[in-house]
Amino acid sequence: MERASTAPTLASAINIGAFNLGNAIAAWLGGLAISSGFGYASVNWVRALMTLAGLGLAALSVALARHKATSPADVDLYEPAHV
C-alpha cells in the first residue's frame, strides 16, 4: 500500500486477487497430487512447496525494491550531496 499511494484501491484489489489465485492454484495442485495416487499426505508437501514459492517471491520483491532504491537512476544529479 505504501508503494501505491496514488492508487490504493487498485493495489488492494490486486492484493486480494493474488491471494485468491494462490488459494485456487494450491487447491488445484493438492487435488492433482491426490488424484495422481500420492495420497492425502501429499497435500502437506504441496502446501510446503507453495509456502516456499511464496517466500521466494517475497524475497525477490524485497531484493528488487532495494535494488531500485539504490540504482543510479534514482540519484538526482542536480542536488548537492549531503555529507
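The values are calculated or read from the model by the stated rules, or taken from the named source; none is laboratory data. Remember, it's a predicted structure, so these values are computed and weren't measured experimentally. Here Cβ is always computed from backbone atoms with ideal geometry, including for glycine, and neighbour counts include all displayed protein chains.
Residue-wise test of (1) modelled with pLDDT under 95; (2) surrounded by 11 or more Cβ atoms within 10 Å (Cβ to Cβ).
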residue: Gly31; (1), (2): no, yes
residue: Ser35; (1), (2): no, no
residue: Asn44; (1), (2): no, yes
residue: Leu52; (1), (2): no, no
residue: Leu55; (1), (2): no, no
residue: Ala58; (1), (2): yes, no
residue: Val62; (1), (2): yes, no
residue: Arg66; (1), (2): yes, no
residue: Ala69; (1), (2): yes, no
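Among the residues of region 22-63, the ones that are farther than 29 Å from Glu2 by Cα and polar (S, T, N, Q) come to 4 in all. Note on region 50-62: residues that are free of Cβ contacts under 8 Å to residues at least 12 places away in the same chain and closer than 18 Å to Ala33 by Cβ amount to 3.
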